[in-house]
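First up is the structure itself, then whatever we jot down about it.
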Amino acid sequence: VLLCAMDVCLIQTLILFCSLICCFWADTPSNKSTPNIIIILMDDMGWGDLGVFGQPSKETPNLDSMAAQGMLFPNFYTANPLCSPSRASLLTGRLPVRNGFYTTNAHARNAYTPQEIVGGISKDEILLPQVLKKKGYVSKIIGKWHLGHSAHHLPLEHGFDEWFGAPNCHFGPYNSSDRPNVPVYNNSQMVGRYYEEFGIDKKTGESNLTQIYLEEGLDFIFHQNMAQRPFFLYWAADATHAPVYASKRFLGKSQRGRYGDAVMELDYSVGQMLAWLRALGIDKDTFVFFTSDNGAAVMSGPKQSGSNGPFLCGKETTFEGGMREPAIAWWPGHIPAGTVSQQLGTVMDLFSTSLSVAGLSVPDDRLIDGLDLSPVLHNNTLINRPIFYYRGNEMMAVRVGPYKAHYWTWSNSWEEFNQGINFCPGQEVAGVTTHTQQEHTMQPLIFHLGWDPGEKYPISVVTKEYQDALSRITAVVEKHKKGLVPGVPQLNMCDMAVMNWAPPGCEKLGKCLKAPKSQPWKCDWPH
C-alpha cells in the first residue's frame with residue numbers, strides 16, 4: 001500500500017486559514033531571541049537548475065521568489081562532491097577529512113554510505129542539533145540521513161529528536177534475498193521499505209514521497225509553533241537523485257522530463273513551507289537556508305540529472321560543476337531582500353552560522369572549518385577565506401579569491417569511461433579532465449573563475465598573474481596542511497551482514513529478513 005500525503009488542496013486551505021487567524025501577528029516586529037532554523041538540502045541538484053541562475057525552463061518560481069526576498073550566493077560550495085561526506089560536513093562544520101567521512105583504501109577516492117558500509121558518523125563528532133539542545137531547540141530531520149544505518153549511527157543517537165525518512169539512497173527494488181530494500185523510519189522505528197510500503201514506480205517515475213516529506217515538515221513546524229518551542233528542521237528530500245521521481249500532479253509538467261518534474265515539485269514544497277511560516281506569523285522568527293549536497297549527477301544522463309550551468313563536469317569531481325551549489329538565505333526583516341553576496345561560502349558554514357543565529361558558540365575543543373556568515377547575511381560584508389576541494393583523502397584544489405589552483409586532476413578512470421560512464425559529458429578539456437590521476441603539485445593548474453568559470457583556459461605559468469596567484473595560494477595551502485589532523489576514516493570497511501536486514505521495528509511489521517554470515521572486506525571505491 002502506498003502511503004498518501006496530505007492533499008495539496010488541504011495544505012493550501014490550511015495556509016489560508018492560518019493566514020486569516022494569524023495575520024495580526026505577522027506584521028508585529030519580532031523580538032524572539034531564539035529564532036527557528038530550517039535547512040533545506042537538495043540531492044544532486046545543480047547550480048544551473050534554478051531560474052534565478054538562468055535555467056531557461058523556469059521550473060523554480062518559488063525559489064526564485066525566495067532569492068528575491070533574501071540573499072543569493074553564486075559562490076557557495078559543498079565540502080565534498082558526493083552525498084554522505086557533504087552531509088557529514090554540514091552537520092559537523094568540519095571537512096570530511098577531519099570528521100572521518102572519507103576512505104584511505106585508495107588515493108583520492110569518493111566514498112559514501114551504501115547498505116554494505118560498516119561505518120558511519122563517529123560518536124566523537126558533535127552535530128548541530130546536539131549543540132542546539134543547549135537553547136532548548138527541538139530538532140527533526142526529514143528525508144535522507146546517509147550518515148550510517150546501524151542503530152548507533154542513526155539520527156536520534158546524534159542529537160535529533162524526530163526523524164521521518166531513510167538512512168540510505170532510494171536505490172532498488174531488491175529481491176530481499178541478496179539485498180534488502182531500504183527502510184523508511186518514523187523516529188527510531190521502521191514503518192516500511194522503499195518499493196514496498198513506500199512506492200517508487202521506476203517505469204513512470206511516480207512517487208508520493210516528496211508530498212509525504214512536505215506534510216511531515218508542515219506538521220512539525222505547526223506543532224513546535226503551537227508549543228512555543230524553537231525548532232531546527234533539516235529537510236533533506238531526495239527526489240532529484242536517480243532514480244528521480246515526482247508525484248502524479250507534477251509528472252509531465254516540466255520541459256526537462258522527469259528530472260524537471262521533480263524540481264518543480266521540490267520548488268512547490270519550498271514555497272509551501274515559506275507560506276506556512278508566513279501564515280503562522282513566524283517568518284520573521286525563522287532563518288531558512290536552501291542549498292544542495294553536491295553538483296548535478298551529469299553522468300546519469302539528461303533524463304536523470306540536472307544542470308551545473310557554465311561549470312565543468314559534475315558530481316564526484318572537484319571541478320566547479322561537482323562542488324559549486326545553488327544557495328539562498330531567507331529571513332524577512334533580518335536579511336536585506338534582493339541581495340546578491342559574492343562571499344565564498346560552504347555547507348560547513350551552516351553549522352557555525354546556525355549556532356550564531358541561536359546565540360550559541362561553536363565547540364572549542366576541535367577545529368571547525370565552517371565560518372559564521374552572520375555579518376554577510378546582515379550587512380553583506382565579505383570575509384576573506386579559502387575553499388578546499390577534497391576528494392577522499394586528497395586535497396585536489398584550492399580557491400583563493402577568484403583564483404583556483406588544481407594540485408591534482410581526475411574525472412574518472414579510462415576503464416569506466418570506456419564503459420560509457422562519463423563524469424564530464426561533452427566537456428572534455430585536454431590536460432584538465434584527465435582519466436588518470438594527474439599530479440600538479442610542482443606546477444598547479446590555475447584558473448581565474450571570474451572570466452573562466454568553465455575551467456577551460458589555465459593561466460600561463462610564465463605570467464606575473466600566475467606567479468602572484470600561486471604565491472597567495474601556496475601560503476594558504478601550507479597553513480592548512482600544517483594544521484591538518486585527519487580523523488579516523490569511517491568508510492573503509494564493508495560487510496553484507498550489516499545491511500538493512502532487520503532494522504528496529506521490523507518485528508511489528510513482519511518485515512525482518514535473515515542476514516548472511518559476516519564476511520567483512522575493504523570497500524572498493526572505483527572513483
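The values are calculated or read from the model by the stated rules, or taken from the named source; none is laboratory data. What you see is a predicted model, and the numbers here were worked out from it, not measured in a lab. Cβ sites come from the backbone with ideal geometry, for glycine too, and all protein chains shown count toward neighbours. Ligands, DNA and RNA are excluded from the accessible area calculation, which covers all protein heavy atoms including side chains. Shrake-Rupley method; radii C 1.70, N 1.55, O 1.52, S 1.80 Å.
Annotations
- Filter result for K517 (open to solvent by 40 Å² or more (accessible area, probe 1.4 Å) and more than 27 Å from the chain's Cα centre (by Cα)): yes
- For region 206-247, the tally of residues that are more than 23 Å from P129 (Cβ to Cβ), open to solvent by 10 Å² or more (accessible area, probe 1.4 Å) and of a type in the set (A, V, I, L, M) stands at 1.
- Restricting attention to region 472-519, the residues being within 30 Å of Y389 (Cβ to Cβ) and touching a Ser or Thr at 6+ places or on another chain (Cβ under 9 Å) number 7.
- Filter result (part of a loop (DSSP other than H, G, I, E, B) and either of a type in the set (D, E, K, R) or buried (at least 24 other Cβ atoms within 10 Å of the Cβ) (or both)) within region 56-69: K58, E59, T60
- Taking region 126-140 as the range and being free of Cβ contacts under 8 Å to residues at least 60 places away in the same chain and surrounded by 21 or more Cβ atoms within 10 Å (Cβ to Cβ) as the test, only L127 passes.
- The set of residues in region 446-471 that are open to solvent by 30 Å² or more (accessible area, probe 1.4 Å), within 29 Å of the chain's Cα centre (by Cα) and closer than 19 Å to I387 by Cα comprises G450, W451, P453.
- In region 472-514, the residues that are basic (K, R), within 30 Å of Y174 (Cβ to Cβ) and surrounded by fewer than 18 Cβ atoms within 10 Å (Cβ to Cβ): K508, K514
- One residue from E206, E216 being closer than 30 Å to S354 by Cα and assigned by the TED database to the domain that holds K133: E216
- Screening region 248-363 for helices (runs of 4 or more DSSP H) wholly inside it with 1 or more residues that are open to solvent by 10 Å² or more (accessible area, probe 1.4 Å) returns the ranges 257-279, 349-357.
- Check on K203, part of a loop (DSSP other than H, G, I, E, B) and free of Cβ contacts under 8 Å to residues at least 12 places away in the same chain: yes
- Residue count, region 364-394 (criterion: farther than 27 Å from S471 by Cα, open to solvent by less than 20 Å² (accessible area, probe 1.4 Å) and not hydrophobic (A, V, I, L, M, F, W, C)): 1
- Residue that is aliphatic (A, V, I, L, M), open to solvent by 10 Å² or more (accessible area, probe 1.4 Å) and farther than 13 Å from L491 by Cβ, where the choices are V52, V118: V52
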